[in-house]
Each structure stands twice: as structure tokens, then as C-alpha cells.
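Reviewing the structure listed below.
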Amino acid sequence: MSAPSLDGLQLRSGPDPVADLTMGLYEWRGDVWGVLSGAGHRRGYVTGTRTGDTVVLALATLDDAGRARGLEVRGIVLEHDGQVALDMDWDIAPARLVSAGWLDPGGPPPPPDARPGPTGVARLVEIDEHNLQDVLRVRTAPHQEDYVADNGRSIAEGLLCTPPGWYRAVYDADVCVGFVMLAHFDDPAHELYHRYHGWYLWRLLIGAAHQRRGYATQVMHLVYRHIDEQGGPRRLTTSWNPDLGGPGRFYLGLGFEPTGEIDDGEIVAVLARWPEPAEPNAGATT
């Protein structure tokens, strides 16, 4: 019998309110990562590995207040009465992280969609009354919610804002795995034209159960192809939250270059070139 998943676990320390910390944990194929928070602020980023019931974690960044040192901690995954916990000693005096509960108060997150057909190949699909509920059910991991809005809000903004958004659901076979939305700033009179003239990658969300499978990179290739099909200059901008654990590394890896501008606390970056031809090894856009 396989060990229970850590996806969506939140560990809490205490009872000292000064040292009270929380850590959300997630895992994928033996890799473990999470965000350490305290007093309402992100305090650090955690990475590690898991082998069976044993978890080894390293604090990748330091607490701003200096309370958390760089250290390695080990824990054992436990399961009791259907609940998953991580028994762990963490040397952040006087607290010990010894208990866990689900981040979602409604219970553990659903398992990855097991309907037949997932192939690992992404395609973009128009959103209508037939698949809207599937799209709305796709949510990012809780520790990523500071970085991307949920799909319902994105669709509303795409419909109501100027310019309107071009948005699509991301599907693998018949499974909705994500959402992407672009805006096209082509009116010099628009207040954001000087910053985002051309195409703007407004939203990109891959569901928590489908991350780390290459879908985001495939979606970007589909975005390049869509822009090429529209004609005009190849210029794509985006922006991201600079906090550790955000999507900055992903976008920098694609070749986005920061412009030096900051928009509402987010780093603005531009991608002026993409692969030739802009044709992904992925499904078609519909």
C-alpha cells in the first residue's frame, strides 16, 4: 500500500504566537516543496524529497526576522483515522511542527482526474456552457493563489475589461487541466499601451493536480502560434509576483526579460523572440 500524499497539507507550529508558523506542503514523484508563512507573511521557501514514509526538507530561504535558520529537518508521514499528518521536529524554538491538517477546510483535495484519455499533450479549447463548470473546477495549489486569480474571476475580467481577453481552457484529451488568457493592447490611447503594447499574457493557470507535467510550456508554444496566426509584431509581455515560489523562474527560462518596470508590485517582462517556427508538439487551438 502506497504512503498517503502530502498534497495540500498545512503544518502549524505554536503555541507561542511570535513563533507561530504555517507551512503548506506539496509533492510530485518524490519531490516535496512548500511555503513557510508566519504572522500573515511569506517567510521562506521549502524544498525536499520523500522516500516512502520519510521526508527530508531544507529551508531554502531565511525568515526575514531571523527566527528560522537554514537547516535540514526530517519527518515521518503518518495516517490516522483517514487524516494525514507529518511528525516532524523543527528547530525553531520554542515551536515544534508536529501536526497537520488539510489546507482546504472542506477536506483533502481531489485526486488527479483519472478519466481515460490523458496523453500528456495540451490543446486549447473555447469555453462555453458545456465545459464552463470543468474550467471553474480547475484550481491552482493553495500556496500559489497569491500569484494567479481563479478562473471564474479571469473569465469575468476577460469579458468586462478593455481590451477584452482572449481566453481558452487547456485540455489534455477530455480532461481540463488549466486556463490561459491574453490581451491585445493595440490602442495608443489606452493607459497601459506604453507598457504592454502588443500581446500581454494575462493569465496562465495549470491545476494543482496537473502541474510539473510540461503543460505550461506546451501552452506557451500554443500562445506563440496564436499570435503568429494573427499577424503583426511578435511581442509578448507578462508580469509576475517577485516572491519566492512565484512563476518568475518559469518565465525567465522561456526568455522573458524584465523591462525594469513594476506594475502593482509585479515585475514586467517582455519576450521579443520565440522558437521558429512557432509550432508546438502539442494539440491544435480550437
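Enumerate the pairs (first residue in segment 125-137 and more than 15 Å from Leu205 (Cβ to Cβ); second residue anywhere and open to solvent by 60 Å² or more (accessible area, probe 1.4 Å)) with beta-carbon separation below 9 Å, excluding pairs fewer than 6 apart on the same chain, so at least 6 apart or on different chains.
Glu126/Thr286
If I filter segment 172-182 for residues that are more than 22 Å from Glu157 (Cα to Cα), open to solvent by less than 60 Å² (accessible area, probe 1.4 Å) and assigned to a strand (DSSP E or B), do I get at least one hit? Lay out the reasoning, then the answer.
First, the residues of segment 172-182 that are more than 22 Å from Glu157 (Cα to Cα): 172-175.
Imposing the further condition that a residue be open to solvent by less than 60 Å² (accessible area, probe 1.4 Å) reduces the set to 172-173, 175.
Next cut, assigned to a strand (DSSP E or B) only: 172, 175.
Yes, segment 172-182 has at least one match.
Where residues in segment 227-280 are polar (S, T, N, Q) and closer than 29 Å to Val32 by Cα, which of them is modelled with the lowest pLDDT?
In this case the residue turns out to be Asn241.
For residues that are open to solvent by less than 50 Å² (accessible area, probe 1.4 Å), over 18 Å from Asp7 (Cβ atoms) and among the aliphatic types (A, V, I, L, M), scanning just segment 36-65, find the one that is modelled with the highest pLDDT.
Top of the filtered list is Ala58.
Being small (Gly, Ala, Ser) and touching a residue at least 40 places away in the same chain (Cβ under 8 Å) is the requirement here; does Gly207 meet it?
Yes, satisfied.
Any residue at all in segment 197-210 that is charged (D, E, K, R), closer than 22 Å to Ile155 by Cβ and surrounded by 15 or more Cβ atoms within 10 Å (Cβ to Cβ)? Step through it out loud before you land on a result.
So in segment 197-210, the residues charged (D, E, K, R) come out as 203.
Still in the running and closer than 22 Å to Ile155 by Cβ: 203.
Within this subset, residues satisfying the condition of being surrounded by 15 or more Cβ atoms within 10 Å (Cβ to Cβ) are 203.
Scanning segment 197-210, I find at least one residue that is charged (D, E, K, R), closer than 22 Å to Ile155 by Cβ and surrounded by 15 or more Cβ atoms within 10 Å (Cβ to Cβ), so the answer is yes.
In the set Trp166, Trp240, which member is touching a residue at least 40 places away in the same chain (Cβ under 8 Å), open to solvent by 40 Å² or more (accessible area, probe 1.4 Å) and out of contact with any Cys (no Cβ under 6 Å at 6 or more places or on another chain)?
None of the others qualify; the one that does is Trp166.
Would you check which residues across segment 243-269 are part of a helix (DSSP H, G or I) and in contact (Cβ under 8 Å) with a residue 24 or more places away in the chain and list them?
Hits for segment 243-269 are Phe250, Leu254.
The values are calculated or read from the model by the stated rules, or taken from the named source; none is laboratory data. No experiment lies behind these values; they were computed from the predicted model shown. For neighbour counting, all protein chains shown are included, and Cβ atoms are generated from backbone atoms with ideal geometry for every residue, glycine included. Heavy atoms of the whole protein, side chains included, go into the accessibility calculation; ligands, DNA and RNA do not. Shrake-Rupley method; radii C 1.70, N 1.55, O 1.52, S 1.80 Å.
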